[in-house]
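Before anything else, here's the structure in question.
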Amino acid sequence: MEREIVAPPELAEPRGFNHGVLVDGGKTLYLAGQDATGSNGDIVAPDDLVGQFEQVLENLSTVVEEAGGVSEDIVKLNIFVADRDSYRANLEPLGEVFGRYFEAYPALALFEVSGFFKDDALVELEGFAVIDEEAADAR
């Protein structure tokens, strides 16, 4: 699979996301919305956006790995937050968490929502990955 970051010079330089990711080859994996539910079924890190964000990325990574890929294969994410101001106030630690899962940011969108399925959830992410079949077979 080949991956190319698309950054048109007419647009502002992206910080913390990429405008587009062009992928050639591979299989598309659609990722259902994941909140910070841990293996016991409860929300991890109640009242801690950064802690929940890390659990969400871990959950997404687990799904991608089960399909034969790695977290870097995620090319698009939609981020849903209960409080956009809290997300913006935590950009640095959230970026550090992203850095543990991605070498290059995927294409991203951020949405503030009025609520989630679980009352303790502060964040949910969904998107898709493109998994290189040859690399997956080699793992």
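Given the -39500 (n - 2.57) contribution per DSSP H run of 4+ residues, what per-residue ellipticity at 222 nm results for the chain, rounded to the nearest 500 deg cm²/dmol?
-8500 deg cm²/dmol
Cα axis of helix 91-101 to longest principal axis of the chain: angle in degrees, 0 to 90, nearest 10?
Helix 91-101 and the main axis of the chain meet at about 50 degrees.
Further question: Taking θ as phi - 60°, what are the ³J(HN,Hα) couplings along region 111-120 by the Karplus curve (6.51, -1.76, 1.60), each to the nearest whole Hz, with x for Gly and Pro?
Per residue, the Karplus-derived 3J(HN,Hα) values read 10, 8, 10, 7, x, 10, 4, 9, 4, 7 Hz.
Then there is this: Taking only protein heavy atoms into account and a 1.4 Å probe, give the accessible area per residue of the chain in Å².
Working: 8070 Å² over 139 residues.
In whole numbers, the chain has 58 Å² accessible per residue.
In whole Hz and in residue order, list the ³J(HN,Hα) couplings for region 6-23 that follow from phi through the Karplus curve 6.51 cos²θ - 1.76 cosθ + 1.60, θ = phi - 60°; x for Gly and Pro.
Those phi angles translate into 9, 9, x, x, 6, 9, 4, 4, x, 10, x, 6, 10, 5, x, 10, 9, 10 Hz.
Using alpha carbon centroids, what distance separates region 100-126 and region 59-85, in Å?
Region 100-126 and region 59-85 have Cα centres separated by 9 Å.
Ordered by residue, what ³J(HN,Hα) values in Hz, to whole numbers, does region 66-73 give under the Karplus form 6.51 cos²θ - 1.76 cosθ + 1.60, where θ = phi - 60° and Gly and Pro are x?
Values, residue by residue: 4, 8, x, x, 10, 4, 5, 6 Hz.
In nm, what is the difference between 0.36 nm times the number of residues separating Asp85 and Asp47 and their Cα-Cα distance?
Working: separation 38, 0.36 × 38 = 13.68 nm, distance 1.44 nm.
Answer, rounded to one decimal: 12.2 nm.
Pull out a ≥ b ≥ c, the square roots of the eigenvalues of the alpha-carbon gyration tensor of region 22-88, then state rounded if a/c is under 1.5, prolate if not and a/b is larger than b/c, and oblate in the remaining case.
Oblate is the answer for region 22-88, as a/c is 1.5 or above yet b/c matches or exceeds a/b.
Which one is right for this structure if Rg and Dmax of the Cα atoms in Å is calculated from it: (i) 15.1, 47; (ii) 14.2, 46; (iii) 15.7, 56?
Checked against the structure: label (i).
The values are calculated or read from the model by the stated rules, or taken from the named source; none is laboratory data. It should be emphasised that the depicted structure is a prediction, and the values quoted were computed from it without experimental measurement. Surface accessibility is based on the protein's heavy atoms, side chains included, excluding ligands, DNA and RNA. Shrake-Rupley method; radii C 1.70, N 1.55, O 1.52, S 1.80 Å.
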